[in-house]
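Every number here is computed from the coordinates shown, using simple stated rules; none is lab data. Everything numeric in this text was worked out from a predicted model, so none of it was measured. Cβ placement follows ideal geometry from the backbone for every residue including glycine, while neighbour counts extend to all protein chains displayed.
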Amino acid sequence: MEKSGVYLGPRLRRLRKDLGLTQAMMASDLEVSPSYVALMEGSQRPVTAEVLLRLAKVYKIDISALADDSMPELIGRLQSTIKDPIFADIDVSPLEVADVLSSFPGFAEAMLRLYTAYKEEQLALADQRQVAMEDRGSDEVADPIAEVRRFLVARRNCFPGIDVAAEKLAAGVAEAGGLASYLMQRHQLRVRRIPSEVMSGSVRRLDRHRREVLLDDGLDAASQNFQLAQQLAYIEFDDNIGNLVQEGSLATESARRLTHRALAGYFAAAVVMPYTQFARAVEARCYDVEALARQFGTSFEQTAHRLTTLQKPGQERIPFFFIRVDAAGNVSKRLDSANFPFARHGGGCPLWTLHQVFSTPRTVVTQWLELPEGQRFFSIARTVSSGGGAFGVLRVDRAVALVCEASHAERLIYYRHYSQPVTPTPIGIACRLCQRDSCTSRSEPPIGRQILPDYYRRTDAPFGFSD
């Protein structure tokens, strides 16, 4: 009668390869035959308790290392990939996905990597077409900011591995009594707050010689915590971040460095706002950004930014688009977890209240939006500030907006402001891409439209167009 055990085929095979062993070498170490190792790796024989104990003793490993905690997450990622329209004519059941992942984990990982690379290439092609449409030529120098955006959009601005690691670190920080205490206890680094003039233009600096992390004392509490958490990302998780950057098809060194910094910022936000705790609070507070910011001791912008990352398989929340602009309309940040049409090129429509909130500082303004193709969205916008902190110190005011599809709006606390249906504001991705010929706020004609002369008739819109 065969001894009872567990089937760990793919995980046993991966362990053997990680150790650099052949089946014959492992068989000798475990005192079994090579054919038995082959059968266990093929999940045709269970790994018995006796063999598990030998594995732990011979290779000095924790048996729990063979547990596959990432299985639910990988199943979710693979199922999400299969839902892409490119696979619409292929009927793949959830059971088949689980079977592939269990029996062929290497193939599943290859599939996920290939799909992510495909998404990046699709986004790059879209950017190139946009450049060509705007008659700027396709041979311009690679834009590192655009590269970083493609990297983030292709992954829906969600990195479950970072979230898991940051959540564990956050528990350690809480146990230590805060970020500063954790840095001292774990890394023997003292946190000091230094006047701005001494910091010489820096907001954070690691002084390895004196074993200190120096912070500009003009930073508010939320910014100080974020900077300390980001420093921890570089100290404890830098190699992992580097591996994630290497997975992206980034053409320039500037893009790689910016992506590295973006992922370190992601890690910092995940430490300050741990995924599970934050996702639970999001639902309890109906996505009230200001209330969430007070609960977690973060800024409005940091909290809004974190809301775009809640797409961990099996724990998804509302997918948001985030944008930040200055008073002149320059876009300094775009983050997208739902592939919105204006994720890469939009944001400049003057009809969007994003550009009007500067007249009502720190007040949340809501708006229903409709794009030319008929898609409807719900937007919240508010001003945010950085800098300042003392008299005479420069403060920078910007506006940020969070946007979700109209179908999700009723889950937001801001939706309760509307007692009856509202006619959405018609906006466009950008004037050169918007075909609404009657828009009186248009700043330039759309691509491909012939402008009419105004010898006999002048329209109230800036341009008249031929049919």
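Taking the Cα centre of the chain as the origin, how large is its charge dipole in debye, to the nearest 20, when only Lys and Arg (+1) and Asp and Glu (-1) carry charge on their Cβ atoms? Spell out each step's value before the answer.
Details: 56 positive and 56 negative charges, 222 e Å.
For this selection, approximately 1060 debye.
What does the net charge come to around Pro361 if you take all other residues with beta carbon closer than 13 Å to its beta carbon, with K and R at +1 and D and E at -1? Don't skip to the end; give the middle numbers.
Values: positive: Arg362, Arg382, Arg395, Arg398; negative: Asp397.
Taking every Cβ under 13 Å from that of Pro361, the sum is +3.
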key: Positive-end residue, the chain charge dipole about Cα centroid, Cβ charges, pick of Ser93, Leu114, Phe322   = Phe322
query = Going down the list Lys119/Lys312; Lys119/Lys333; Lys17/Lys83; Lys168/Lys333, which pairs span over 25 Å between their C-alpha atoms?
reply = Lys17/Lys83; Lys168/Lys333
note = Of all chymotrypsin sites (Phe, Trp or Tyr not before Pro) in segment 401-456, the ones in DSSP coil with at most 15 other Cβ atoms within 10 Å are Tyr418, Tyr455, Tyr456
query = Among 81-89, 250-258, what's the highest-first ranking by average C-beta atoms within 10 angstrom per residue?
reply = 250-258, 81-89
inquiry  = Run the numbers for Ser359 and Thr48: contour at 0.36 nm per residue of separation, minus the present Cα-Cα distance, in nm.
reply    = 105.0 nm
query = Once both labels are modelled 7 Å past Cα along the beta-carbon direction, what's the Thr366-Ile145 spacing in nm?
reply = 3.2 nm
task = Counting other beta carbons within 10 Å of each Cβ, put Ser181, Ser419 in order, fewest first.
result = Ser419, Ser181
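Grab the Cα-Cα distance for Val422 and Phe465, subtract it from 0.36 nm times how many residues apart they are, and report the gain in nm with one decimal.
12.5 nm
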query = Using modelled amide H (1.01 Å from N, peptide plane; none on Pro or chain starts), what sits under 5 Å from the amide H of Gly218, excluding residues fewer than 5 places away?
reply = Ser196
ask   = For segment 237-292, what is the convex hull volume of the alpha-carbon atoms per residue, in Å³?
value = 104 Å³
task = Please work out how much length the chain gains when fully extended from Ala251 to Asp91, using 0.36 nm per residue of separation minus the C-alpha to C-alpha distance, in nm with one decimal.
result = 54.0 nm
query = Which distance in nm do the two modelled labels at Leu19 and Arg376 give, with both placed 7 Å along the Cα-to-Cβ direction?
reply = 6.1 nm
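Provide the percentage of antiparallel DSSP beta bridges, counting only those with both residues in segment 178-259; round to the nearest 5. All intermediate terms of the calculation are to be shown ahead of the outcome.
On the way: 4 of 9 bridges.
Rounded to the nearest five, the antiparallel share is 45 percent.
Can you sort Asp460, Asp288 from fewest to most other Cβ atoms within 10 Å of each residue's own Cβ? Could the numbers behind the result be given before it?
On the way: Asp460 7, Asp288 18.
The most exposed by this proxy come first: Asp460, Asp288.
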ask   = If we count other beta carbons within 10 Å of each Cβ, what is the order of His187, His260, His305, His209, fewest first?
value = His209, His187, His260, His305
query = With a sphere of radius 15 Å drawn around the Cβ of Glu283, what net charge do the other residues whose Cβ falls strictly inside it have (Lys, Arg +1; Asp, Glu -1)?
reply = +3
message = Counting only helical runs of four or more DSSP H residues, what would the 222 nm mean residue ellipticity of the chain come to if each run contributes -39,500 (n - 2.57) and the total is spread over all its residues?
response = -13500 deg cm²/dmol
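Applying 1/(1 + (r/R0)^6) with R0 = 60 Å to the Cβ-Cβ distance of Val331 and Ala56, what FRET efficiency is obtained, to the nearest 0.05? It would help to have the intermediate numbers written out before the result.
Numbers: r = 54 Å, r/R0 = 0.90.
Rounded to the nearest 0.05, the efficiency is 0.65.
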ask   = When mean projected area of the Cα convex hull in nm² is calculated directly from the model, which label among (1) 22.4; (2) 19.8; (3) 30.6 fits?
value = (3)
remark   = The simple spin-label model distance between Asp397 and Arg205, using points 7 Å out along Cα→Cβ, in nm, is 3.2 nm
key: Positive-end residue, the chain charge dipole about Cα centroid, Cβ charges, pick of Gly265, Gly42, Pro424   = Gly265
